[in-house]
Amino acid sequence: MGVEEIVLLNASDEAIGTAPKVPSHHRDTPYHLAFSCFLVDTEGKVLITRRALGKRTFPGVWTGSCCGHPGPGEGLRDAVIRRLHDELGVTGSTLTPILPGFRYQATADDGTLENERCPVVRALVPSGAPVRSNPDEVEDAEWWTWERCVALADLPESSPWYRLQIAELAPLGPPPAWPDAGTAGLPPSLAW
């Protein structure tokens, strides 16, 4: 596998180039494309993960199910499917955009800045769907009730982006009934 590239964005969320992922994340990280995904089962449980302790940024924090960066020319749907498989061994989910306009900045303890346009997607799976966590990505993975997910957002051991996402998702009520937000709110540089 070659060097993973991220898609750089301008203030209008238009793609303006690419850069290698790892060296691009530092104290002045350029604005770029990412995504987050909440894996939800048909009973409304949400897979919450703890980032691997070996991760360079935000190691060991609790967060949504998976996240990543669409590669150059890769659609959001394909990027989410790729990361669900790579991080959690999950296949066959039904994907829905739930927060297509989400954007955030957060600074890690080591000073690394996250600066992302980060659409949020729900991946729906049947209750009891198997999960096989990749230890390079995920320290722990647990199915939680929505109430417990909301409570996590008040704790410092949750990721900054998780706290912001839950603030937007909580008014929508519990999953899996989050409404499909459609693809119109996605950045122009990102196909579904």
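Among the residues of segment 17-35, is any in a helix (DSSP H, G or I) and free of Cβ contacts under 8 Å to residues at least 12 places away in the same chain?
First pass over segment 17-35, keeping only residues in a helix (DSSP H, G or I): 21-24.
Restricting the remaining residues to those that are free of Cβ contacts under 8 Å to residues at least 12 places away in the same chain gives 23.
Taking every residue of segment 17-35 in turn, at least one turns out to be in a helix (DSSP H, G or I) and free of Cβ contacts under 8 Å to residues at least 12 places away in the same chain.
Please go through segment 166-182 and pick out each residue that is outside any loop (DSSP other than H, G, I, E, B), over 30 Å from residue 112 (Cα atoms) and touching a residue at least 60 places away in the same chain (Cβ under 8 Å). Even if it seems obvious, please write down each step before you answer.
Narrowing segment 166-182 to residues outside any loop (DSSP other than H, G, I, E, B): 166-172.
Then keep just the ones that are over 30 Å from residue 112 (Cα atoms); that gives 171-172.
Matches in segment 166-182: 172 only.
Residues 68, 2: which one is of a type outside the set (S, T, N, Q) and modelled with pLDDT of 95 or more? Give the derivation first.
Numbers: 2 fails: modelled with pLDDT of 95 or more.
Going through 68, 2 in turn, the sole match is 68.
Just checking, how many residues over segment 69-94 are at negative phi and without any contact (Cβ under 8 Å) to a residue 40 or more places away in the chain? Steps first, please.
Filtering segment 69-94 down to residues at negative phi leaves 69-72, 74-88, 90-91, 93-94.
Restricting the remaining residues to those that are without any contact (Cβ under 8 Å) to a residue 40 or more places away in the chain gives 74, 78, 81-82, 85, 91, 94.
Final tally of qualifying residues: 7.
Could you check, for segment 29-39, whether at least one of its residues is of a type outside the set (Gly, Ala, Ser), loosely packed, with under 12 Cβ neighbours inside 10 Å and farther than 30 Å from residue 143 by Cα?
Within segment 29-39, the first condition is being of a type outside the set (Gly, Ala, Ser), and the residues that meet it are 29-33, 35, 37-39.
Okay, now just the ones that are also loosely packed, with under 12 Cβ neighbours inside 10 Å, so none.
No, segment 29-39 contains no residue that is of a type outside the set (Gly, Ala, Ser), loosely packed, with under 12 Cβ neighbours inside 10 Å and farther than 30 Å from residue 143 by Cα.
Working only within segment 1-23, note down all residues that are within 20 Å of residue 159 (Cα to Cα) and in contact with a strand residue (DSSP E or B) (Cβ under 7 Å, 6 or more places away or on another chain). Spell out how you get there, then give the answer.
Looking only at segment 1-23, we keep the residues that are within 20 Å of residue 159 (Cα to Cα), and these are 21-22.
If the condition is that a residue be within 20 Å of residue 159 (Cα to Cα) and in contact with a strand residue (DSSP E or B) (Cβ under 7 Å, 6 or more places away or on another chain), then 21 is the only one that fits.
Can you pull out every residue in segment 151-165 that is within 20 Å of residue 112 (Cα to Cα) and surrounded by fewer than 17 Cβ atoms within 10 Å (Cβ to Cβ)?
Those that are within 20 Å of residue 112 (Cα to Cα) and surrounded by fewer than 17 Cβ atoms within 10 Å (Cβ to Cβ): 156, 157.
Might you let me know whether segment 92-108 holds any residue that is at pLDDT below 95, among the polar types (S, T, N, Q), in a loop (DSSP other than H, G, I, E, B) and in contact with a helix residue (DSSP H, G or I) (Cβ under 9 Å, 6 or more places away or on another chain)?
Yes; the residues of segment 92-108 include at least one that is at pLDDT below 95, among the polar types (S, T, N, Q), in a loop (DSSP other than H, G, I, E, B) and in contact with a helix residue (DSSP H, G or I) (Cβ under 9 Å, 6 or more places away or on another chain).
Let me confirm something: among 33, 53, 47, which residue is among the aliphatic types (A, V, I, L, M) and under 17 Å from residue 102 (Cβ atoms)?
Details: 53 fails: under 17 Å from residue 102 (Cβ atoms); 47 fails: under 17 Å from residue 102 (Cβ atoms).
Being among the aliphatic types (A, V, I, L, M) and under 17 Å from residue 102 (Cβ atoms) holds for just one of 33, 53, 47, which is 33.
I'm told residue 121 meets every condition in (1) loosely packed, with under 13 Cβ neighbours inside 10 Å; (2) touching a residue at least 40 places away in the same chain (Cβ under 8 Å) except one. Can you identify the failing condition by its number?
So residue 121 meets the others, but not (1).
The values are calculated or read from the model by the stated rules, or taken from the named source; none is laboratory data. These numbers come from a predicted model, not from an experiment. Methodologically, a virtual Cβ is constructed for each residue, glycine included, from the backbone with ideal geometry; neighbour enumeration extends over all protein chains shown.
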